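Chemist: A single structure is presented below for examination.
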Amino acid sequence: MGVRKTALQWPVLRQITGPDVLGRGAATRSAHSAQLSPRTAHADKLVKSVCPFCAVGCGQNVYVKDGAVTQIEGDPDSPVSRGRLCPKGSASKELVTGPSRQYRVKYRRPHGTHWEDLELDTAMDMIADRVIASRKKFWAWEQDGKRVRRTSGLASLGGATLDNEENYLMKKLYTALGAVEVENQARI
């Protein structure tokens, strides 16, 4: 009897002899798979996002537990990707959880002679403060009686190693900040 029970546990035999002849239900389940739960089942919250890899803009569902990303999947509500992600998008969780992610940056103070390590959050705050201060200092609402709403305190010079998507995003960012001097090295 023990041999027969073992044979019936084999998925192919369960499929052939049972009601699940297409192998889409009970025939494919094992004791181990019955105990499994989806990686998204225990998430504290779901955050809607967009894949960062290209200009297509596939929607992503980012699952978070205890402040950490636990899973990233395609967003079925996205009209762009309808829940699908390419291999790069499917692996985008590694951008935030991978072991090679850097959390420190090298920084050399003005007139400094050596590099020092800064926390990534500290460096980002320093950059944001400088962008805000420069934008505020050089902001112009009008020029020659015409409304311009721009700043001459920010400029961008992109490089030839940037792809179209990166250049597009840079142009949108600097335009939103009010900068008008946005150029690319390829045009110079």
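The values are calculated or read from the model by the stated rules, or taken from the named source; none is laboratory data. All values derive from a computational prediction rather than experimental measurement. Heads up, the Cβs are rebuilt from the backbone with ideal geometry, glycines too, and the neighbour counts pull from every protein chain shown.
Chemist: When residues of the stretch 138-157 are filtered for being among the aliphatic types (A, V, I, L, M) and within 11 Å of Val180 (Cα to Cα), how many remain?
Modeler: 3
Chemist: Looking at (1) loosely packed, with under 10 Cβ neighbours inside 10 Å; (2) closer than 24 Å to Cys54 by Cβ; (3) not acidic (Asp, Glu), which is the only condition Pro110 fails?
Modeler: (2)
Chemist: Can you list the strands (runs of 3 or more DSSP E) lying wholly within the stretch 88-146 that have 3 or more residues being closer than 30 Å to Gly59 by Cβ and under 28 Å from the mean Cα position of the chain (by Cα)?
Modeler: Details: elements: 104-107, 116-119, 139-143.
Strands (runs of 3 or more DSSP E) meeting the threshold: none at all.
Chemist: Find all pairs meeting these conditions: Cβ atoms under 8 angstrom apart; at least six residues apart or on different chains; first residue within the stretch 163-188 and within 21 Å of Ser134 (Cα to Cα); second residue among the charged types (D, E, K, R) and loosely packed, with under 11 Cβ neighbours inside 10 Å.
Modeler: Gly178/Arg149
Chemist: Moving on. Among the candidates Ala43, Ala7, Ala55, Ala68, which residue alone is modelled with pLDDT under 85 and over 26 Å from Glu166 (Cβ atoms)?
Modeler: Ala7 is the lone residue from the list that is modelled with pLDDT under 85 and over 26 Å from Glu166 (Cβ atoms).
Chemist: So Ala41 fits all but one of (1) exposed (fewer than 12 other Cβ atoms within 10 Å of the Cβ); (2) assigned to a strand (DSSP E or B); (3) hydrophobic (A, V, I, L, M, F, W, C); what number is the exception?
Modeler: (2)
Chemist: Could I ask something else about it? Before we move on, is Thr161 surrounded by fewer than 14 Cβ atoms within 10 Å (Cβ to Cβ), of a type in the set (S, T, N, Q) and not in a helix (DSSP H, G or I)?
Modeler: So Thr161 passes the test.
Chemist: Go through the stretch 18-38 and give me each residue that's small (Gly, Ala, Ser) and either in contact (Cβ under 8 Å) with a residue 12 or more places away in the chain or surrounded by 10 or more Cβ atoms within 10 Å (Cβ to Cβ) (or both).
Modeler: Gly18, Gly23, Gly25, Ala26, Ala27, Ser30
Chemist: Filter the stretch 45-56 for residues that are within 15 Å of Ile72 (Cβ to Cβ) and surrounded by 10 or more Cβ atoms within 10 Å (Cβ to Cβ) and give the result.
Modeler: Correct list: Leu46, Val47, Lys48, Ser49, Val50, Cys51, Pro52, Phe53.
Chemist: Hey, another quick one. Taking only pairs six or more apart or across chains, which ones have beta-carbon atoms under 9 Å, a first residue in the stretch 84-105 that is closer than 16 Å to Ala68 by Cα, and a second residue that is assigned to a loop (DSSP other than H, G, I, E, B) and among the polar types (S, T, N, Q)?
Modeler: So the pair list comes out as Glu94/Ser100.
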